[in-house]
1. Note the full-extension length gain between GLN92 and ASP24 as 0.36 nm times their separation in residues minus their Cα-Cα distance, in nm to one decimal.
2. Say each of GLU57 and ALA78 gets a label point 7 Å from the Cα, pointing the same way as Cα to Cβ; how far apart are those two points in nm?
Amino acid sequence: MKDKLDHNIINIVFAATDEVAVKDKRLSEELSAYINDLIIHDFERLVSLLYRIDIDEKKLKSLLSFHPDINSGDTIAAMIIERQLQKIKSRQASRRDENRMSEEEKW
């Protein structure tokens, strides 16, 4: 049951289409707890997840090494949320650009 709940947290983050949903404090806390659980029990799954989300490995390593006093789950969750926000903004910009095109340019 716990694995299903944790998997739902990731799905909620992926499915979020607006900044407010992604920035939800409770979601961030649950995501951090899930990440900490993966660090301890299934590190391979965590690495796979970070690759799938397209988290910058160098940036992550840098943040973790420069801030060893901060919970790793919190740091990783913040990076995941930041990446999802980038994707949302990119989609919104793409939609605005499409709306600006004339009908002739669209095809």
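1. Numbers: separation 68, 0.36 × 68 = 24.48 nm, distance 1.94 nm.
Answer, rounded to one decimal: 22.5 nm.
2. Reported label-point gap for GLU57 and ALA78 is 2.3 nm.
Only the coordinates and a few stated rules stand behind these numbers; no lab work does. As the structure is a prediction and not an experimental result, all values here were calculated from the model. Cβ sites come from the backbone with ideal geometry, for glycine too, and all protein chains shown count toward neighbours.
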